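The values are calculated or read from the model by the stated rules, or taken from the named source; none is laboratory data. All figures in this text were calculated on a predicted structure; none of them were measured in a lab. All Cβ positions, glycine included, derive from the backbone under ideal geometry; neighbour counts span all protein chains shown. Surface accessibility is based on the protein's heavy atoms, side chains included, excluding ligands, DNA and RNA. Shrake-Rupley method; radii C 1.70, N 1.55, O 1.52, S 1.80 Å.
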Amino acid sequence: MHKQNIAREFSRAAAGYDQAAVLQREIAGRLLAGLPHLSGRVVDMGCGTGYVSRHLPDGLQVLALDIAQGMLQQARHLASAHAYVNADAEALPLQDGCADAVVSSLAVQWCHHPARMFAEVWRVLRPGGWLCLTTLGPRTLWELRAAWAAVDQEEHVNRFASLACWQQAAGHGWVNQHWQARDSVALYDSARQVMRDLKQLGASHTDAAEVHRGRALAGRQRLQALEQAYEQVCSGDALTVTYDVFYAYLQKPCNPL
């Protein structure tokens, strides 16, 4: 999906995002619980409505940054940080070595060139600084993908890179690298609720949706077929939605080459 479309969809979702972002807050909480000791200036990259910014330890100078102007406005409204920047993670408008840490929760999966993002973070970090992030892996929303596959051959669900791909994009210069994969699972009563929440989160659009924009992708009959297929994919009383989450804590060397 084009960057301007990503920014537009998340801006549209900003006002209602927090109502649907229960699992996103849980994942951000795990990231925050694992943070090393931080001091100085911290960039919350892909800050969304500012949940991570608001829950960082006291005493930090927090800069909230997001590509979606609507998300940034919501973060500002909630007094999430000391400064706000509308920018792309792959082209940070920040000086070299200006940050003591960069934190990012469930944002960098939207980068087109992850290696470029890692290079930009490396550039703005001071020696010894930390990058702490979460992102999504390929099994994310596998239940929804399997259910749609039983309905049609369209690409309705975003696909995300493997852990090996993320590690390769990060490069080998980091020290104290720690990567962890952990599932987070949400429970729903119906497939319609799943689709509604994804739309409310701004995360329901794919490249295929761009191609087919202008014609109905989910009419009443197709939604009914989707619900039936989803119930067959999931066993039990509730429908599951799995997020395949990668947690990473990477430190730039104190004396990088």
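Data for the structure
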item	result
Whole-angstrom gap from the stretch 23-97 to the stretch 152-191, using each part's C-alpha centre	20
Bridge type composition, the chain - antiparallel percent by DSSP, nearest 5	50
Accessible area (Å², 1.4 Å probe, nearest 10) - residue 254	90
Accessible surface, 1.4 Å probe, highest first, among residues 104, 39	39, 104
Accessible surface of residue 111 - all protein chains present, 1.4 Å probe, nearest 10 Å²	20
Correct choice for Kirkwood radius over Cα pairs in Å that was computed from the model, options (1) 21.0; (2) 19.0; (3) 19.5	(2)
Calculated FRET value between residue 35 and residue 98, using beta carbons and R₀ = 22 Å, to 0.05	0.70
Residue 126 accessible area, 1.4 Å probe, all protein chains in place, Å² to nearest 10	80
Potential lengthening between residue 54 and residue 119 on full extension [0.36 nm per residue; Cα-Cα distance subtracted]	20.8 nm
Rounded FRET efficiency, nearest 0.05, which uses the C-beta distance separating residue 224 from residue 15 and R0 of 30 Å	0.50
Helix axis angle, 114-124 relative to the chain longest principal axis, alpha carbon, degrees	30
Value of D in µm² per second that Stokes-Einstein yields for the stretch 1-143, Kirkwood Rh from Cα pairs, at 25 °C (0.890 mPa s)	162
Relative contact order (%) - criterion: Cα under 8 Å, at least six apart; region: the chain	23
Dipole of the chain, positive direction: furthest Cα of 229, 110, 95, with charges on the beta-carbon	95
Using θ = phi - 60° and Karplus 6.51 cos²θ - 1.76 cosθ + 1.60, couplings along the stretch 145-162 (whole Hz; Gly, Pro as x)	4, 5, 5, 5, 4, 7, 9, 7, 9, 6, 9, 8, 10, 4, 10, 10, 6, 6
Probe 1.4 Å, all protein chains present, accessible-area order of 156, 112, 2, largest first	2, 112, 156
Over the stretch 57-182, relative contact order from alpha-carbon pairs under 8 Å, at least 6 apart, %	20
Computed helical MRE - 222 nm, the chain, DSSP H runs ≥ 4 contributing -39500 (n - 2.57), nearest 500	-11500 deg cm²/dmol
Probe 1.4 Å, all protein chains present, accessible-area order of 233, 22, largest first	22, 233
